[in-house]
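Working notes, structure below.
The values are calculated or read from the model by the stated rules, or taken from the named source; none is laboratory data. Computed from a predicted model, the values in this text were never measured in an experiment. Don't worry about glycine lacking a Cβ; one is built from the backbone with ideal geometry, like all the others, and counts go over all protein chains shown. To get the accessible areas, we keep the full protein, side chains included, count just its heavy atoms, and leave off ligands, DNA and RNA. Shrake-Rupley method; radii C 1.70, N 1.55, O 1.52, S 1.80 Å.
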Amino acid sequence: MKIDIRGLSEDQIIEFFEKKGFDSYRGRQVYEWIWRKSCYSFDEMTNISKDLRDVLDNHFVINHIQVDKIQKSFDGTIKNAVKLHDDHTVESVLIPTDDRTTACVSSQVGCSLDCKFCATSKLKRMRNLNPDEIYDQVVTINDQSLKYFNRPLSNIVYMGMGEPLMNYNNLIKSIEKISSDKGLNMSQKRIVVSTSGIPKMIKKLADENLKVNLALSLHSAIEETRNKIMPFSKKFSLEEIKNSLIYWYSKTKRKITFEYIVWKDINDSIEHINALVNYCKSIPSKVNLIEYNSIGDQNFESANQNMINLYKELLEKNKITVTVRRSRGKDIDAACGQLANK
Ligand code: SAH
(Lines give C-alpha, C1' and ligand atoms only; values in the text may rest on other atoms or scores of the structure.)
Protein backbone atom coordinates (compact mmCIF):
# COMPACT_ATOMS: atom_id res chain seq x y z
CA MET A 1 0.00 0.00 0.00
CA LYS A 2 1.30 3.41 -0.93
CA ILE A 3 1.39 6.05 1.80
CA ASP A 4 -0.11 9.53 1.50
CA ILE A 5 2.99 11.70 1.50
CA ARG A 6 1.02 14.65 2.85
CA GLY A 7 0.56 12.77 6.10
CA LEU A 8 4.32 12.96 6.72
CA SER A 9 6.26 15.75 8.40
CA GLU A 10 9.16 17.41 6.63
CA ASP A 11 11.59 15.49 8.86
CA GLN A 12 9.95 12.19 7.96
CA ILE A 13 10.25 12.94 4.25
CA ILE A 14 13.89 13.92 4.66
CA GLU A 15 14.52 10.72 6.58
CA PHE A 16 12.95 8.70 3.77
CA PHE A 17 15.32 10.28 1.25
CA GLU A 18 18.38 9.81 3.41
CA LYS A 19 17.55 6.13 3.89
CA LYS A 20 17.29 5.73 0.12
CA GLY A 21 20.71 7.36 -0.28
CA PHE A 22 19.56 10.72 -1.60
CA ASP A 23 20.55 14.14 -0.32
CA SER A 24 18.39 15.50 2.47
CA TYR A 25 17.67 18.73 0.60
CA ARG A 26 15.63 16.65 -1.85
CA GLY A 27 13.22 16.03 0.98
CA ARG A 28 12.91 19.74 1.60
CA GLN A 29 12.23 20.32 -2.10
CA VAL A 30 9.47 17.74 -2.18
CA TYR A 31 7.96 19.15 0.99
CA GLU A 32 7.91 22.57 -0.64
CA TRP A 33 6.18 21.16 -3.70
CA ILE A 34 3.40 19.43 -1.78
CA TRP A 35 2.71 22.32 0.59
CA ARG A 36 3.81 25.78 -0.43
CA LYS A 37 3.34 25.04 -4.14
CA SER A 38 0.28 22.79 -3.75
CA CYS A 39 1.63 20.41 -6.39
CA TYR A 40 -0.34 17.18 -6.60
CA SER A 41 1.72 15.20 -9.09
CA PHE A 42 5.31 13.97 -8.76
CA ASP A 43 5.71 14.45 -12.51
CA GLU A 44 5.28 18.18 -12.13
CA MET A 45 8.15 18.48 -9.66
CA THR A 46 10.48 19.84 -12.28
CA ASN A 47 13.62 20.31 -10.21
CA ILE A 48 13.64 16.65 -9.21
CA SER A 49 15.22 13.94 -11.35
CA LYS A 50 13.14 11.32 -13.10
CA ASP A 51 14.79 8.56 -11.02
CA LEU A 52 13.77 10.23 -7.84
CA ARG A 53 10.24 10.88 -9.07
CA ASP A 54 9.92 7.18 -9.86
CA VAL A 55 11.02 6.28 -6.33
CA LEU A 56 8.40 8.65 -4.98
CA ASP A 57 5.76 7.23 -7.27
CA ASN A 58 6.51 3.71 -6.07
CA HIS A 59 6.09 4.59 -2.41
CA PHE A 60 3.63 7.43 -2.15
CA VAL A 61 0.42 8.96 -3.33
CA ILE A 62 -0.51 12.65 -2.97
CA ASN A 63 -4.04 12.81 -1.65
CA HIS A 64 -5.79 16.09 -2.27
CA ILE A 65 -9.23 17.60 -2.54
CA GLN A 66 -11.04 18.40 -5.74
CA VAL A 67 -13.69 21.02 -6.31
CA ASP A 68 -16.67 19.09 -7.57
CA LYS A 69 -19.10 21.93 -8.01
CA ILE A 70 -19.07 25.71 -7.66
CA GLN A 71 -22.15 27.83 -6.96
CA LYS A 72 -22.14 31.61 -7.06
CA SER A 73 -24.53 33.81 -5.16
CA PHE A 74 -25.83 37.14 -6.42
CA ASP A 75 -23.96 38.73 -3.51
CA GLY A 76 -20.58 37.35 -4.65
CA THR A 77 -20.44 34.46 -2.19
CA ILE A 78 -19.06 31.26 -3.70
CA LYS A 79 -19.87 27.81 -2.37
CA ASN A 80 -17.62 24.88 -3.23
CA ALA A 81 -18.65 21.28 -2.98
CA VAL A 82 -15.33 19.64 -2.33
CA LYS A 83 -14.64 15.99 -3.01
CA LEU A 84 -12.17 14.16 -0.77
CA HIS A 85 -9.91 11.34 -1.94
CA ASP A 86 -12.33 8.75 -0.54
CA ASP A 87 -15.34 10.33 -2.28
CA HIS A 88 -16.83 12.03 0.75
CA THR A 89 -17.97 15.58 0.15
CA VAL A 90 -17.72 18.69 2.32
CA GLU A 91 -18.49 22.31 1.58
CA SER A 92 -16.43 25.46 1.88
CA VAL A 93 -17.46 29.02 1.23
CA LEU A 94 -15.75 32.18 -0.02
CA ILE A 95 -17.35 35.28 1.47
CA PRO A 96 -16.34 38.61 -0.10
CA THR A 97 -16.94 41.96 1.57
CA ASP A 98 -15.65 45.42 0.62
CA ASP A 99 -12.31 45.05 2.28
CA ARG A 100 -11.82 41.35 2.88
CA THR A 101 -12.26 37.85 1.57
CA THR A 102 -13.11 35.24 4.15
CA ALA A 103 -12.84 31.48 3.73
CA CYS A 104 -15.31 29.43 5.74
CA VAL A 105 -13.89 25.92 6.00
CA SER A 106 -15.21 22.55 7.15
CA SER A 107 -13.40 20.46 9.75
CA GLN A 108 -15.40 17.21 9.63
CA VAL A 109 -17.50 15.23 7.16
CA GLY A 110 -20.90 15.76 8.76
CA CYS A 111 -21.11 16.58 12.47
CA SER A 112 -21.67 14.58 15.63
CA LEU A 113 -23.43 17.43 17.43
CA ASP A 114 -27.17 17.86 17.29
CA CYS A 115 -27.96 21.57 17.08
CA LYS A 116 -31.61 21.54 16.09
CA PHE A 117 -31.36 24.63 13.89
CA CYS A 118 -28.37 23.53 11.80
CA ALA A 119 -28.59 21.62 8.53
CA THR A 120 -25.22 19.94 9.01
CA SER A 121 -26.50 18.20 12.15
CA LYS A 122 -28.83 16.16 9.93
CA LEU A 123 -25.79 14.44 8.44
CA LYS A 124 -24.10 12.07 10.80
CA ARG A 125 -20.40 12.49 11.35
CA MET A 126 -18.56 10.25 8.89
CA ARG A 127 -14.99 11.17 9.66
CA ASN A 128 -12.59 13.93 10.62
CA LEU A 129 -10.83 15.92 7.95
CA ASN A 130 -7.07 15.58 7.74
CA PRO A 131 -4.94 18.71 8.13
CA ASP A 132 -4.19 18.74 4.41
CA GLU A 133 -7.89 18.57 3.56
CA ILE A 134 -8.53 21.68 5.65
CA TYR A 135 -5.43 23.36 4.22
CA ASP A 136 -6.51 22.59 0.65
CA GLN A 137 -9.88 24.27 1.19
CA VAL A 138 -8.03 27.44 2.19
CA VAL A 139 -5.70 27.20 -0.83
CA THR A 140 -8.68 26.70 -3.14
CA ILE A 141 -10.46 29.75 -1.80
CA ASN A 142 -7.29 31.83 -1.90
CA ASP A 143 -6.98 30.94 -5.61
CA GLN A 144 -10.61 31.88 -6.18
CA SER A 145 -10.15 35.16 -4.35
CA LEU A 146 -7.22 36.02 -6.63
CA LYS A 147 -9.13 34.93 -9.70
CA TYR A 148 -12.48 36.58 -9.05
CA PHE A 149 -11.62 39.47 -6.74
CA ASN A 150 -8.03 40.25 -7.61
CA ARG A 151 -6.81 40.02 -4.04
CA PRO A 152 -5.61 37.25 -1.77
CA LEU A 153 -7.69 35.69 0.96
CA SER A 154 -7.60 37.76 4.14
CA ASN A 155 -9.49 35.77 6.80
CA ILE A 156 -10.35 32.21 7.68
CA VAL A 157 -13.21 30.99 9.85
CA TYR A 158 -13.66 27.38 10.98
CA MET A 159 -17.42 27.69 10.67
CA GLY A 160 -18.19 25.18 7.96
CA MET A 161 -19.31 21.64 8.59
CA GLY A 162 -18.25 19.94 11.80
CA GLU A 163 -17.03 20.83 15.26
CA PRO A 164 -13.35 21.84 15.03
CA LEU A 165 -12.64 21.08 18.68
CA MET A 166 -13.74 17.50 18.13
CA ASN A 167 -11.04 17.14 15.49
CA TYR A 168 -8.51 18.79 17.69
CA ASN A 169 -5.13 17.46 16.54
CA ASN A 170 -5.89 18.02 12.88
CA LEU A 171 -7.26 21.47 13.64
CA ILE A 172 -3.97 22.45 15.25
CA LYS A 173 -1.92 20.94 12.44
CA SER A 174 -3.99 22.74 9.82
CA ILE A 175 -3.55 26.08 11.60
CA GLU A 176 0.18 25.49 11.77
CA LYS A 177 0.34 24.70 8.04
CA ILE A 178 -1.79 27.67 7.06
CA SER A 179 0.33 30.07 9.09
CA SER A 180 3.74 28.54 8.37
CA ASP A 181 6.10 30.15 5.84
CA LYS A 182 6.36 26.65 4.42
CA GLY A 183 2.61 26.77 3.85
CA LEU A 184 0.37 29.76 3.17
CA ASN A 185 2.15 32.13 5.53
CA MET A 186 -1.11 33.68 6.75
CA SER A 187 -1.33 35.42 10.10
CA GLN A 188 -3.00 33.38 12.84
CA LYS A 189 -4.67 36.59 13.99
CA ARG A 190 -6.85 36.32 10.90
CA ILE A 191 -8.18 32.92 11.87
CA VAL A 192 -11.32 32.30 13.92
CA VAL A 193 -12.05 28.90 15.42
CA SER A 194 -15.75 28.53 16.17
CA THR A 195 -17.00 26.01 18.70
CA SER A 196 -20.27 24.95 20.22
CA GLY A 197 -18.44 24.89 23.52
CA ILE A 198 -16.36 22.00 24.84
CA PRO A 199 -14.70 23.35 27.99
CA LYS A 200 -11.79 20.94 28.21
CA MET A 201 -10.80 21.57 24.60
CA ILE A 202 -11.17 25.35 24.90
CA LYS A 203 -8.63 25.24 27.73
CA LYS A 204 -6.36 23.03 25.70
CA LEU A 205 -6.52 25.43 22.76
CA ALA A 206 -5.72 28.32 25.11
CA ASP A 207 -2.56 26.48 26.14
CA GLU A 208 -1.28 26.09 22.57
CA ASN A 209 0.22 29.56 22.33
CA LEU A 210 -1.41 30.24 19.00
CA LYS A 211 -2.72 33.66 18.00
CA VAL A 212 -6.08 32.51 16.66
CA ASN A 213 -9.39 33.94 17.82
CA LEU A 214 -12.21 32.03 19.42
CA ALA A 215 -15.94 32.23 18.74
CA LEU A 216 -18.52 30.42 20.79
CA SER A 217 -21.95 29.53 19.47
CA LEU A 218 -23.99 30.52 22.49
CA HIS A 219 -27.53 31.22 21.22
CA SER A 220 -28.89 31.25 24.76
CA ALA A 221 -27.39 32.10 28.14
CA ILE A 222 -30.24 30.24 29.83
CA GLU A 223 -29.25 26.64 30.38
CA GLU A 224 -32.66 25.12 29.89
CA THR A 225 -33.17 26.81 26.53
CA ARG A 226 -29.68 26.04 25.31
CA ASN A 227 -30.06 22.38 26.22
CA LYS A 228 -33.24 22.22 24.18
CA ILE A 229 -31.83 23.69 21.00
CA MET A 230 -28.34 22.18 21.38
CA PRO A 231 -29.02 18.93 23.26
CA PHE A 232 -25.39 17.77 23.40
CA SER A 233 -24.68 20.80 25.57
CA LYS A 234 -26.36 19.07 28.51
CA LYS A 235 -22.93 17.58 29.08
CA PHE A 236 -21.40 20.97 29.80
CA SER A 237 -22.96 23.57 32.03
CA LEU A 238 -22.84 27.23 31.05
CA GLU A 239 -20.82 27.76 34.22
CA GLU A 240 -18.20 25.26 33.05
CA ILE A 241 -18.07 26.91 29.63
CA LYS A 242 -17.73 30.29 31.29
CA ASN A 243 -14.78 29.08 33.34
CA SER A 244 -13.05 27.73 30.27
CA LEU A 245 -13.55 31.10 28.52
CA ILE A 246 -12.16 32.99 31.50
CA TYR A 247 -9.17 30.68 31.27
CA TRP A 248 -8.93 31.36 27.52
CA TYR A 249 -8.82 35.09 28.16
CA SER A 250 -6.30 34.83 30.97
CA LYS A 251 -3.97 32.92 28.65
CA THR A 252 -4.49 34.74 25.35
CA LYS A 253 -5.79 38.20 26.28
CA ARG A 254 -8.10 37.93 23.31
CA LYS A 255 -11.82 38.59 23.61
CA ILE A 256 -14.29 35.84 22.85
CA THR A 257 -16.99 36.38 20.25
CA PHE A 258 -20.40 34.97 21.10
CA GLU A 259 -22.49 33.93 18.13
CA TYR A 260 -26.11 34.38 18.84
CA ILE A 261 -29.30 33.92 16.82
CA VAL A 262 -32.57 35.44 18.03
CA TRP A 263 -35.60 33.21 17.37
CA LYS A 264 -39.27 33.83 17.79
CA ASP A 265 -40.66 32.18 20.96
CA ILE A 266 -37.29 30.72 21.89
CA ASN A 267 -35.07 33.53 23.13
CA ASP A 268 -36.96 36.71 22.18
CA SER A 269 -37.55 38.03 25.69
CA ILE A 270 -36.09 40.44 28.21
CA GLU A 271 -35.22 37.53 30.43
CA HIS A 272 -33.00 36.10 27.70
CA ILE A 273 -31.42 39.46 26.96
CA ASN A 274 -30.58 39.95 30.64
CA ALA A 275 -29.09 36.49 30.86
CA LEU A 276 -26.89 37.25 27.85
CA VAL A 277 -25.82 40.60 29.26
CA ASN A 278 -24.86 38.97 32.55
CA TYR A 279 -22.98 36.18 30.84
CA CYS A 280 -21.03 38.68 28.73
CA LYS A 281 -20.18 40.78 31.76
CA SER A 282 -18.34 37.91 33.36
CA ILE A 283 -16.05 37.32 30.35
CA PRO A 284 -14.22 39.83 28.10
CA SER A 285 -16.36 39.33 25.03
CA LYS A 286 -18.38 40.75 22.19
CA VAL A 287 -21.54 39.56 20.51
CA ASN A 288 -22.36 38.79 16.89
CA LEU A 289 -26.09 38.68 16.38
CA ILE A 290 -26.42 36.43 13.35
CA GLU A 291 -29.39 36.23 11.09
CA TYR A 292 -31.19 32.90 11.18
CA ASN A 293 -31.07 31.02 7.90
CA SER A 294 -34.04 28.80 7.56
CA ILE A 295 -33.43 25.10 7.16
CA GLY A 296 -37.11 24.38 6.80
CA ASP A 297 -37.78 23.43 10.42
CA GLN A 298 -41.15 24.69 11.69
CA ASN A 299 -39.84 25.17 15.23
CA PHE A 300 -37.37 27.85 14.25
CA GLU A 301 -38.28 31.22 12.92
CA SER A 302 -36.30 34.42 13.07
CA ALA A 303 -37.46 36.90 15.72
CA ASN A 304 -38.78 40.22 14.50
CA GLN A 305 -36.44 43.12 13.87
CA ASN A 306 -37.63 45.07 16.94
CA MET A 307 -36.45 42.27 19.17
CA ILE A 308 -33.06 42.15 17.48
CA ASN A 309 -32.81 45.92 17.87
CA LEU A 310 -33.67 45.60 21.55
CA TYR A 311 -30.91 43.03 22.03
CA LYS A 312 -28.48 45.43 20.37
CA GLU A 313 -29.64 48.40 22.42
CA LEU A 314 -29.44 46.66 25.78
CA LEU A 315 -26.08 45.06 25.07
CA GLU A 316 -24.67 48.43 24.05
CA LYS A 317 -26.16 50.10 27.07
CA ASN A 318 -24.14 47.63 29.10
CA LYS A 319 -20.97 48.50 27.14
CA ILE A 320 -20.86 45.21 25.29
CA THR A 321 -19.75 45.43 21.66
CA VAL A 322 -22.34 44.01 19.35
CA THR A 323 -22.58 43.60 15.59
CA VAL A 324 -25.60 42.52 13.65
CA ARG A 325 -24.51 40.15 10.90
CA ARG A 326 -26.25 40.07 7.61
CA SER A 327 -26.39 36.66 6.04
CA ARG A 328 -24.45 35.93 2.84
CA GLY A 329 -24.99 33.36 0.12
CA LYS A 330 -28.48 32.39 1.25
CA ASP A 331 -29.74 31.85 -2.29
CA ILE A 332 -27.23 29.02 -2.80
CA ASP A 333 -27.57 27.49 0.69
CA ALA A 334 -24.10 28.73 1.56
CA ALA A 335 -25.04 30.71 4.67
CA CYS A 336 -24.34 29.69 8.28
CA GLY A 337 -26.03 26.45 9.17
CA GLN A 338 -27.09 25.63 5.62
CA LEU A 339 -24.19 23.41 4.61
CA ALA A 340 -25.58 19.96 3.99
CA ASN A 341 -24.29 18.64 0.66
CA LYS A 342 -27.55 19.27 -1.13
N1 SAH B 1 -19.55 23.57 15.26
C2 SAH B 1 -19.01 24.89 15.27
C3 SAH B 1 -18.74 25.49 13.89
C4 SAH B 1 -19.82 25.34 12.81
S5 SAH B 1 -21.29 26.28 12.87
C6 SAH B 1 -19.91 25.82 16.05
O7 SAH B 1 -20.98 25.40 16.44
O8 SAH B 1 -19.53 26.94 16.32
C9 SAH B 1 -20.98 27.94 12.48
C10 SAH B 1 -22.04 28.88 13.05
O11 SAH B 1 -23.29 28.81 12.33
C12 SAH B 1 -22.37 28.56 14.48
O13 SAH B 1 -22.38 29.73 15.24
C14 SAH B 1 -23.77 27.99 14.38
O15 SAH B 1 -24.46 28.10 15.57
C16 SAH B 1 -24.35 28.81 13.27
N17 SAH B 1 -25.57 28.25 12.66
C18 SAH B 1 -25.96 26.96 12.63
N19 SAH B 1 -27.14 26.85 11.99
C20 SAH B 1 -27.52 28.09 11.62
C21 SAH B 1 -28.64 28.62 10.92
N22 SAH B 1 -29.59 27.83 10.46
N23 SAH B 1 -28.69 29.96 10.71
C24 SAH B 1 -27.70 30.77 11.15
N25 SAH B 1 -26.61 30.32 11.80
C26 SAH B 1 -26.52 28.99 12.05
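For the chain, what does the accessible surface come to per residue with a 1.4 Å probe? Please give it in Å². So the chain comes to 47 Å² accessible per residue, rounded to a whole number.
Summarise the accessible area of the chain (1.4 Å probe, protein heavy atoms) by the percent that is carbon and sulfur. Roughly 46 percent, rounded to a whole number.
For the chain, pairs of C-alpha atoms spaced more than 28 angstrom apart make up 45 percent of the total. Computed 3J(HN,Hα) for the stretch 318-329, one whole-Hz value per residue from the Karplus formula 6.51 cos²θ - 1.76 cosθ + 1.60 where θ = phi - 60°, is 9, 6, 9, 5, 9, 10, 9, 9, 6, 7, 10, x, glycine and proline marked x. Between the listed residues 257, 47, 63, the Cα displaced farthest toward the positive end of the dipole of the chain, a dipole computed from Cβ unit charges relative to the Cα centre, is found at 257. By the rule of a C-alpha distance below 24 Å, with chain neighbours fewer than 8 residues away ignored, the lysines paired with residue 83 are 2, 37, 69, 72, 122, 124, 147, 173, 177, 330, 342.
Place a label point 7 angstrom from the Cα of residue 324 along the Cα-to-Cβ direction, then list the residues of the stretch 276-298 whose backbone nitrogen is under 15 Å away. Zone members listed by number: 287-292. The Stokes-Einstein estimate for the stretch 187-339, based on a Kirkwood radius over Cα pairs and taken at 20 °C with 1.002 mPa s viscosity, is a diffusion coefficient of 134 µm²/s. Close amide-amide hydrogen proximity is noted between residue 287 and 258, 321, 322, 323, each under 5 Å apart and 5 or more residues distant or on a separate chain (H modeled in the peptide plane; Pro and chain starts excluded). Remark on residue 68: its backbone amide H falls under 5 Å from those of 81, 82, 83, a criterion applied only to residues 5 or more positions apart or on other chains, H modelled at 1.01 Å from N.
Among the DSSP beta bridges whose two residues both lie in the stretch 213-342, what percent are antiparallel, rounded to the nearest 5? The antiparallel proportion sits near 10 percent.
Given a 1.4 Å probe and the protein chains as shown, residue 44 ends up with an accessible area of around 110 Å². For the stretch 229-240, putting each phi into the Karplus relation 6.51 cos²θ - 1.76 cosθ + 1.60 with θ = phi - 60° gives couplings of 8, 10, x, 4, 6, 4, 5, 10, 6, 4, 5, 4 Hz, in residue order, rounded to whole numbers and with x for Gly and Pro. Computed over the chain, the per-residue total of -39500 (n - 2.57) for DSSP H runs of n ≥ 4 gives a 222 nm mean residue ellipticity of -10500 deg cm²/dmol, rounded to 500.
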